[in-house]
Amino acid sequence: IRYDLEFTGFFRIIGRDRYPQSFTGFTRDATRIDFEGWKGSGAEFLIYVYLYSENESIIAECRLFDIDSGQQVVGKRFQARPEWRRSLAHQFSDEIVLYLTGNAGIATSQIAFSVRESVDVKEIYVADYDGANLRRVTQHNAVTILPQFSPDRNRLAYVSYKDRYPFLYIYDLASGASRPLSKEVGLNASPTWAPSGDELAIVLSKDGNAEIYLVDDDGSNQRRLTNDRALDTSPTFSPDGRQIAFVSDRQGVGQGFAMDANGGNVRRLSFQGGQSVGPAWSPNGRHIAYVGTVRGQGTEIFIMDADGSNSRQLTNSPGISEAPAWSADSRHIMFSSNRTGLSQLWTVNIETGEERRVPNIEQFSEGPTWGPRRH
């Protein structure tokens, strides 16, 4: 809970040195809390959690108190198997965030990304947003990269060389089954889900160069959206599904463009020097994150307003930062960075600028996708 709340950027957790001298721990009787003593700590709210076992389950009685009034403002009772105890903490964290900010938290969300297992093998892994409960989901024994969560978080679209060439696949997280999405001749890349969850935009080169197509989630009903001699790639849908941002070098180096979801009304978004690639539209529709080239430094994560205005740099570190992915609350961006010498997952808070390495994951990791909340 401490990690979840500090991660939001909204809260500060007081140190134990500021606890009331009389405090030795909570009992199951919450009416015995010394609120007068807690008022001297400088804290505004008190989190109370009492855990016990019952019939092979863990019970968590979770309360949030307003210290000044001594009144309970949030109360939840959770029950789960012992192995799901972390999930209980995340759920209550999200309840606290919802009550105190008016917006649901993201502690119950998951991430997916690729991990390098050997020189020639990368596999897709899934973890909690804080890197815990790491598990491998693909076993293709090949380069398997760039997963994308479906809107219902039940499926992953991704790229794999498991059949020798770069083809697109969809993995069902419940059943563990994987099926082809596109196995066209040439490039098959950049799968991204439409908000409806029944269509994807993908990049194919079967007609001579990289173009963006729309397909149903079973790979059928293929429709071409772009038609230009330049390379068009990296599509990302607006949250209402009406627009697609993408990358094209039709006016020189790769820059961000947008078009209507039917391929019409193409307009340029980014105008900074160097390349602007890898766009990702925020869930609230207000911003587009992207990767920009910084002279003498490498690549960094930027955001701009959805109309291309007010571009600003978010990260600032030597090396390569790439593959931005938004949290469900549109306040955080996860990305991969080799700033430590090893590609790992990092996050940046778009309001405070605070950058954090995702804990609990020590392997070479890249290309994250950030799923929706799980409740």
Cα centroid separation - region 239-272 against region 93-149, whole Å: 28
Vicinal HN-Hα couplings computed from phi for region 103-115 (Karplus, 6.51 cos²θ - 1.76 cosθ + 1.60; Hz; Gly/Pro x): 10, 5, x, 10, 5, 8, 7, 10, 10, 10, 6, 9, 10
Most mobile listed residue (F149, F23, F35) in the chain, GNM with C-alpha springs under 10 Å: F23
Surrounding net charge for D232, when Lys and Arg each add one and Asp and Glu each subtract one, Cβ distance under 9 Å: -2
Helix-only mean residue ellipticity at 222 nm for the chain, each DSSP H run of n ≥ 4 adding -39500 (n - 2.57), per residue, nearest 500: -2000 deg cm²/dmol
Under Karplus coefficients 6.51, -1.76 and 1.60, residue-wise ³J(HN,Hα) of region 349-356 in Hz, glycine/proline x: 7, 6, 8, 9, x, 5, 10, 9
Between helix 85-101 and the chain: long-axis angle, C-alpha atoms, 0 to 90°, nearest 10: 90
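When averaged across all projection directions, what area in nm² does the alpha-carbon convex hull of region 1-129 cover? Working shown, then result.
Working: hull surface 42.2 nm².
Mean shadow area of the hull around the Cα atoms is 10.6 nm².
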Selection from F113, N310, S41 lying farthest towards where the dipole of the chain points positive, charges on Cβ: F113
Candidates E199, E44, E184: whichever shows maximal mean-square fluctuation once the chain is modelled as a Gaussian network with Cα springs under 10 Å: E44
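Between rounded, prolate and oblate, where does region 190-293 land on the alpha carbon gyration tensor, with a ≥ b ≥ c its root eigenvalues, rounded for a/c under 1.5, else prolate if a/b exceeds b/c? Working shown, then result.
Working: a/c = 1.95, a/b = 1.20, b/c = 1.63.
Oblate, since a/c reaches 1.5 and b/c is not below a/b.
Of H287, H90, which has the most accessible area and how do the rest follow, probe 1.4 Å?
Working: H287 40, H90 10 Å².
Order by accessible area, largest first: H287, H90.
Could you estimate the translational diffusion coefficient of the chain from the Stokes-Einstein equation, with Rh from the Kirkwood formula over C-alpha pairs, at 20 °C and 1.002 mPa s, in whole µm²/s?
Values: Rh = 22.3 Å.
It diffuses with D of about 96 µm²/s by this estimate.
The values are calculated or read from the model by the stated rules, or taken from the named source; none is laboratory data. Worth saying up front: this structure is predicted, and the values here are computed from it rather than measured. Here Cβ is always computed from backbone atoms with ideal geometry, including for glycine, and neighbour counts include all displayed protein chains. These area figures cover heavy atoms from the full protein model, side chains too; ligands, DNA and RNA do not enter into them. Shrake-Rupley method; radii C 1.70, N 1.55, O 1.52, S 1.80 Å.
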